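What follows is a short report on a single structure.
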Amino acid sequence: MDEARPLVELTDATVRFGATVALDGVDFRMFAGEVHSLMGENGAGKSTLIKAITGVLAPDAGTLTIAGDRVTFASPHDAQDAGVSTVYQEIDLLPNLSVAENVLLGREPRRLGLIAHRTMRERAAEILADLGLAIDPASPLGIHSLAIQQLVAIARAISTDVKVLVLDEPTSSLDLDEVAELFRVIRELKQRGVAILFVSHFLDQVYEICDRITVLRDGRLVGEYLTTELLRIDLVQKMLGREVSFFKARERIEAAPEEQEAFLSARGVSSAGIAGADVDIAEGEVLGIAGLLGSGRTALARALTGVDRPTSGIIRLEQRDTRFDSPRKALSLGVVYSSENRRTEGLVGEMSIVQNIALALQAQKGALRRIAPARARELALSWVEALDIRPADIDTPVRHLSGGNQQKVMLARLLAISPRLLVLDEPTRGIDVGAKVEIQNLVGEMADNGLSVVFISAELEEVLRVGDRVAILRDGRIVETAASADLDVDSLMALVARPDLPEA
Amino acid sequence: MTAVESRPDTTPGVVAKISTFTSRHASVLPTFAAVAILICLLVGAELYFGNFLTPRNMSALLLDNAYLMILAVGMTFVIVTAGIDLSVGSVMAFTGIFGASLLASGVPAWIVVPAMLVAGALIGLLIGVLVQHFDVQPFIASLAGLFLARGLAFVVSLASIRVEDTSLLWLQSTRIRLGDWYVTPTGIIAILTVVVGAVVMHKTRFGRTVYAVGGSEQSARLMGLKVARAKVMVYVISGLCGGLAGLVLTAYSGAGYPRNGIGTELDVIAAVVIGGTLLTGGRGYVLGSMIGVFVYGTIKTIISFMGAEQSWTHIIVGALLLLFIVVQRAIVARSERGS
């Protein structure tokens, strides 16, 4: 395959942002009819490289050729004209307009200068049908599920004469079925000779769909490999650039949980999305929660922490009946929730690290008893050091931090109010492998210090590695709770995914 | 297969048709509500007064509110992009007094009329440039436009200037009759503005870009749409409508007056919102805004029929506005849950 001429060839690309070099002399190529993955930690230069190919930014040095022609893109529009289409991670479509308009906006068929709505609907219906998507093109996009919106975004991308399709984290908000649907479409496009760049944090998906992997680290090229010739462990090692033994398994609490007093015990908790959940969490225990998207993971977390008021069921805290009417009440009892949407429901991006960390503590103390700035700084510094938050300058606005460090700031804020039970909803989503491991280790340390943790994650390995016990959710019910020592990824997968299949 | 939805039944039952329609046009519902309210008001007033739905009264409704309708068309463009234009009342006053003073000093109408429109469009352009290129909040930028236009109006004249020009007065005095119904050229201008506005909004790329900007500016930009141009243009259109409304109002009142239209911008915004346009942008109809103006005008007429204080108009419009904003929130919340 190497003899074929690459469709996209980026040579010696360098991009600087002020003093920092985001991309340093990187070579990158893509072949027609191949799915190519770009791997690397956050800050490795993946998104910068993608932006250089899609015309969002112009490299300071280096050349880009597409199908043998040298090109320079001044805008995403230029790139689209040259056959490079992009589907972004956050679906960048317009929920208020119809599906047909979203597919064809900017290229609407016109008659006498006016948009021919019917022709547009027919054209859109054809393109959607090509993708095996039978939805009403005249319906507003906003009424469809995220997965369908994602496919509509792809329909838009391929409705032009597409040669190169860039998919940036396309699966991060999809469940397993939806991912399968997406992969079917990708394979079909591959057949048509489209070169596809597939960027994802999920190694499983990369190995399932990709033919070729390019690894970046710290803005430099590590190498380009065929997927079949690169072992996973090697891939991770190349991405991290350090010994993989860094993954350390947590030492398990040997005592059986039944013998301990449950710190929190919930019986028959129901709210929107979760029905009749029984949960027991002992002091110093990590309860992992596994389940697909929509299985009630987040609903359970929100019901346990007073964010959503349960419609029925009782929650007992240290053997005493408790009602969590509000997150505030739960907080005062030491039960805290860390949302999966750290940007929208967690941090205040414009505020500095120190302000973000002091926020919850200040709220708990009340507005009248102001925390002295010196005290807040001292507090922040100690947490920055304890959690190894980078950059260590506590006056940096949080939005400048990488995902992993933002997550740590959020943890620091919650830990600052000395909670008894911490409910972490997908704390490692969208952050790089290194930071992931650090957060997993942190959770282990916290539990060893007597903190109870509920750890929700979409990644089964992670749930198994971190949790002492794992509660498995399916369709809004807890179907089983088992010690993680008794499970492995395959058996857990079987429990999570298919109820009617015999145990793997 | 969660990723594949079936298309609504192609052999059309009435229920299927209705469900297709509502799923396609959920955003029209507030406008239908406005139509329903208008009908209720008209029928109710007729039952109460007995002489409300007369051709004369209905014709006057269009005549009296022509300037408001023109302003509402421009405002709809701005609000659909999630902006706001507070300057329209002042722009109307300024272009009105500006035109009246030019006419008084002997400038012919065929120069004065384009000059009024250009003056309005220029103030709109200023606001648009401030919003788009200097990143000023629309509220603040158009507030600056409001003060500028009002100040300019007082610079032109502190007192009202009578218009003697026959061609301008013709716009108002001519009554094209059909039985007891009549329409003046100012009414025709208003209706034409609505029609042109509606066609531009729904049938041109510019119009769809306006909706796209209101839906998500960032997405619209990544889709390669001409966002900057659209955002400036909506304020230019609103300013142009301000100029046109100045012309119509001057013809209507037979004079230019620098204190005209104080607070009119708020009446216009109220009419647009009652007509079903979402203040957060992305949804709305020019035709809906026309209905909104009719609702507003009908309430005003009813109040004067009852002989009550005109301040009741504002109280009732305020209550309606509140109701509509709540209804819109509910509809938006429902459609967001659906996704």
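Contact order, relative form, for chain A: 14 percent (alpha carbon pairs under 8 Å, 6 or more residues apart, mean separation divided by residue count).
Applying the criteria of a DSSP loop state and at most 16 other Cβ atoms within 10 Å to the chymotrypsin sites (Phe, Trp or Tyr not before Pro) of segment A:169-229 yields A:F202. Helices assigned as whole DSSP H runs in chain B whose Cα atoms extend at least 27 Å along their own long axis and whose mean Kyte-Doolittle hydropathy is 1.6 or higher are found at B:29-49, B:109-133, B:286-306.
Chain B gives an Rg/Rh value of 1.00, both radii derived from C-alpha positions and Rh following Kirkwood. The residues of segment A:109-141 listed by number as losing at least 50 Å² of accessible area in the complex, against the isolated chain and with a 1.4 Å probe, are A:L114, A:I115, A:A134, A:D136.
Taking amide H as placed 1.01 Å from N in the peptide plane, the amide H of A:F263 sits under 5 Å from that of A:I281, A:A282, A:E283, each at least 5 places away or on another chain. If R0 is taken as 30 Å, the Cβ-Cβ distance between B:T204 and A:T65 corresponds to a FRET efficiency of 0.20.
Heavy-atom accessible area, probed at 1.4 angstrom with all protein chains present, ranks A:R309, A:R29, A:R232, A:R111 as A:R111, A:R309, A:R232, A:R29, highest first. Residues considered: B:F154, B:F305, B:F294. Largest GNM mean-square fluctuation over chain B, using C-alpha springs under 10 Å, is found at B:F305. Taking Cα centre as origin and charging only the Cβ of basic (Lys, Arg, +1) and acidic (Asp, Glu, -1) residues, the dipole magnitude of chain B rounds to 720 debye.
Near B:P108, once Lys and Arg are set to +1 and Asp and Glu to -1 for all other residues with Cβ below 15 Å from its Cβ, the sum equals -2. Coupling constants for segment A:222-229 follow from the phi torsions by the Karplus curve (6.51 cos²θ - 1.76 cosθ + 1.60, θ = phi - 60°), and in residue order they are 8, x, 10, 9, 7, 4, 5, 9 Hz; glycine and proline get x. Accessible-area loss of 40 Å² or more (1.4 Å probe, protein heavy atoms, chain alone versus all protein chains) is found in segment A:76-106 for A:D92, A:L94, A:N96, A:L97, A:L105. B:T280 exposes around 90 Å² of accessible area when a 1.4 Å probe is run over every protein chain in place. Of B:T301, A:T305, the order by accessible heavy-atom surface (1.4 Å probe, DNA, RNA and ligands excluded), from most exposed downward, is B:T301, A:T305.
With both residues required to sit in the protein assembly as shown, DSSP beta bridges show an antiparallel share near 60%.
Using C-alpha pairs under 8 Å with a sequence gap of at least 6, the mean separation divided by the residue count of segment B:56-148 gives a relative contact order of 35 percent.
State, to one decimal in nm, how far the label point of B:S173 lies from the label point of B:V15, with both points 7 Å from Cα in the Cβ direction. My value for the distance between the label points is 6.3 nm. Using a probe radius of 1.4 angstrom, the carbon and sulfur fraction of the accessible surface of the protein assembly as shown is 57%.
Rounded to the nearest 5, the antiparallel percentage of DSSP beta bridges internal to chain A is 60%. Accessible area per residue was computed with a 1.4 Å probe on protein heavy atoms; A:T481 scores about 60 Å². Out of all DSSP beta bridges in segment A:402-504, what portion is antiparallel? Express it as a percent rounded to 5. The answer is about 55 percent antiparallel.
Rounded to whole numbers, the Karplus 3J(HN,Hα) couplings from phi for segment A:69-81 are 8, 6, 10, 10, 9, 8, 7, x, 5, 4, 4, 4, 4 Hz, using 6.51 cos²θ - 1.76 cosθ + 1.60 with θ = phi - 60°, and x at Gly and Pro.
The residues of the protein assembly as shown expose, per residue, 44 Å² of accessible area to a 1.4 Å probe.
Buried accessible area between B and A (1.4 Å probe, both chains summed, ligands and nucleic acids excluded), in Å² to the nearest 100?
Values: alone 16660 and 23340 Å², together 36950 Å².
The B and A chains share an interface burying roughly 3000 Å².
Remark: relative contact order (segment A:308-459) = 27 percent; criterion is Cα-Cα distance under 8 angstrom and separation of 6 or more residues. Surface listing: B:Y252, A:Y337 arranged by accessible area from highest to lowest gives B:Y252, A:Y337, probe 1.4 Å. According to the calculation over all Cα-Cα pairs in the protein assembly as shown, the P(r) per 20 Å bin from zero is 13, 37, 34, 14, 2, 0 %.
With the helix formula -39500 (n - 2.57) applied to DSSP H stretches of n ≥ 4, chain B reaches a computed 222 nm mean residue ellipticity of -25000 deg cm²/dmol. Check each of the GluC sites (Glu not before Pro) in segment A:326-418 and keep only those in coil by DSSP with at most 15 other C-beta atoms within 10 angstrom; list them in order. Passing sites in segment A:326-418 are A:E350. The figure for B:F32 is an accessible area of roughly 100 square angstrom, using a 1.4 Å probe on the protein chains alone.
The values are calculated or read from the model by the stated rules, or taken from the named source; none is laboratory data. Please read these numbers as outputs of a predicted model, since none were measured by experiment. In this analysis, Cβ positions are derived from the backbone assuming ideal geometry, glycine residues included, and neighbour counts consider all displayed protein chains. Remember, those area values only see protein heavy atoms, side chains included, never the ligands or the DNA or RNA. Shrake-Rupley method; radii C 1.70, N 1.55, O 1.52, S 1.80 Å.
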